[in-house]
């Protein structure tokens, strides 16, 4: 089958399928929109005033004491573990991201019977931020033995798979009229959109013992706190539980007999957020302490960009994720492990790809500059299926430069000493073979970042690589050059490279 | 897409957004269905896309990029749907053993089935790249821009997807030939 034959076959196959969404599904979405407030506008791309290098980063130190790993960096909804303290570390080794896939789909401790998005992963102890699709930017620190997942736009659930502890973050407005008899449906009308509306509605629910809502401040946000206690027996209740609320996509919050649920209802800039921590009878003090630790660590609303956590620190703005950057100077920090400044000309886009990558690329051209932190190098770029070098390159600049220079199938220049952004390192150039017909996937894969992104070279592509030691953290900057690339593009790339400033986080 | 509608929706006009949603839903659904190969899950993905788009619309600065922006949301919604392994398992399609008795003017059942099975084995990222390129006809650069991934990543995903599907077709051709001969005999 020729390429043209295959393309035609694929197109015919793709065209053969439904093209109309049901009215029912569309109506449901519009109903949902009707009760969903819009996020306030926030424009992250802002030019910095001209700066001299070395740039002084005197502010935001406390906020930078941790590394954040973003849920959607690579793996969709599942949370990835944070990588610990960075500032004081001089270890060039990468933080390890280890997840235990889908250990359980059933949350414990009364968080609710999840009906969607219920794949939880065991979390390494550390600091996390829940990014899209959850509608509020929530961060927290979990101890060992907790798992968590983002259940969609309306739920982040944390729980102990081996214990009753749980904390969840929800966005809701559907409250059952009678928790003991959920088949009676929801309050009609539903609670209004304010914190007080929801607190009042919950406080008046029949069959539960509810404390009077009191004003509270949590994570810097104003709100109300109340506690719900389920009756000690729910045998007459539907399903044997007290069903308190339902989330927009169907998950419900159920209280088992005698369960106590502490609620914080907060106003996150017009978005109402509910944090709940259920407590079952006989819960140990150790579990309670862990729950309290998580609650104490909660941060809300930092860096609202829609996709990546972007933080404003010291007047500078970190990156821009979704659109073309205005020409100017930018600084990339959290969650990238180093502080990087660069100046882009018109027509470039940029993104912080998590702790290990900053991607810059022309919006309408092949020009690109990537800054990356990694240690996984493929043993044979033409056959990535053979896996990585074993052992992986050591932690030094030389180790990586030597490993890259010896890769089979690529033409590499001899690594030479170089200084870029004020830091010393090695520079080499990798050139892919003119044809990659026999290579896996038709490309040569050179390295892989810790969250799974790979650097691939297409036939004839030239990749200029700088490997730098930035205060003990090894950084790789690469600028690929496609065959026949316009001189203007090459010049723009060089301009960016010349503008790069680097600093450690501290 | 009508700029006036988008501007109005961006300013919080729910009716304007409803008009946009009505005008976009079928197109989004068609793409989602091609990626997910399941009507219910495609509808879920579109529903989530519309809610997320409404929620985040005030942050869309370049109205001209609305189509790319909402497709990006859609693709991420499809990724999320694809991760619901529990529902994958129920997504089984039965096909007639004998296939069509008369020649199909477009694709025969065996080819469709081979593509279907091969496609279901692909990770969602490769599916998305394949659908955006072969169904919507987007150039690779536009896909990279929309999905916010490097061009090389798109190339790689598309190449893997293509290789896998071609292999599925070739394997199917190898296994189906003897059977065809047998029936003919």
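Summary of values
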{"read-out": "Residues being within 15 Å of residue B:33 (Cα to Cα) and more than 9 Å from chain A (Cβ to nearest Cβ) - total across region B:134-143", "value": "1"}
{"read-out": "Filter pass, residue A:441 being outside any loop (DSSP other than H, G, I, E, B), assigned by TED's automatic domain parsing to the domain that holds residue A:372, farther than 23 Å from residue A:500 by Cβ and touching a helix residue (DSSP H, G or I) at 6+ places or on another chain (Cβ under 6 Å)", "value": "yes"}
{"read-out": "Subset of region B:108-124 [more than 9 Å from chain A (Cβ to nearest Cβ) and either touching a residue at least 12 places away in the same chain (Cβ under 8 Å) or under 14 Å from the mean Cα position of the chain (by Cα) (or both)]", "value": "B:109, B:110, B:113, B:114, B:117, B:118, B:120, B:121, B:122, B:123"}
{"read-out": "Hits in region B:27-63 - residues which are closer than 22 Å to residue B:144 by Cβ, more than 7 Å from chain A (Cβ to nearest Cβ), touching a residue at least 12 places away in the same chain (Cβ under 8 Å) and assigned to a helix (DSSP H, G or I)", "value": "B:28, B:31, B:32, B:35, B:36, B:45, B:49, B:53, B:63"}
{"read-out": "Residue count, region A:426-468 (criterion: over 30 Å from the mean Cα position of the chain (by Cα) and at negative phi)", "value": "17"}
{"read-out": "Filtered residues of region A:370-388 (kept if touching a helix residue (DSSP H, G or I) at 6+ places or on another chain (Cβ under 9 Å) and in a helix (DSSP H, G or I))", "value": "A:382, A:383, A:384, A:385, A:386"}
{"read-out": "Residue ID - modelled with the lowest pLDDT, chosen from residues in region A:140-151 that are touching a helix residue (DSSP H, G or I) at 6+ places or on another chain (Cβ under 7 Å) and crowded, with 24+ Cβ neighbours inside 10 Å", "value": "A:140"}
{"read-out": "Hits in region A:418-438 (condition: in a strand (DSSP E or B) and either surrounded by fewer than 19 Cβ atoms within 10 Å (Cβ to Cβ) or away from every other protein chain (no Cβ under 14 Å) (or both))", "value": "A:418, A:419, A:420, A:423, A:424, A:425, A:426, A:427, A:428, A:429, A:431"}
{"read-out": "Of all residues making up region B:10-21, the number that are more than 7 Å from chain A (Cβ to nearest Cβ) and either under 16 Å from residue B:66 (Cβ atoms) or assigned to a loop (DSSP other than H, G, I, E, B) (or both)", "value": "6"}
{"read-out": "Residue that is assigned to a loop (DSSP other than H, G, I, E, B), out of contact with any helix residue (DSSP H, G or I) (no Cβ under 7 Å at 6 or more places or on another chain), away from chain B (no Cβ under 14 Å) and touching a residue at least 12 places away in the same chain (Cβ under 8 Å), where the choices are A:231, A:191, A:164", "value": "A:231"}
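Listed here are the residues, each with its yes/no results for (1) farther than 30 Å from residue B:50 by Cα; (2) over 26 Å from the mean Cα position of the chain (by Cα).
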site: A:149; (1), (2): no, no
site: A:156; (1), (2): no, no
site: A:159; (1), (2): no, no
site: A:165; (1), (2): yes, no
site: A:171; (1), (2): no, no
site: A:176; (1), (2): no, yes
site: A:180; (1), (2): yes, yes
site: A:193; (1), (2): no, yes
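The values are calculated or read from the model by the stated rules, or taken from the named source; none is laboratory data. Note that this is a predicted model, so its numbers are computed, not measured. Heads up, the Cβs are rebuilt from the backbone with ideal geometry, glycines too, and the neighbour counts pull from every protein chain shown.
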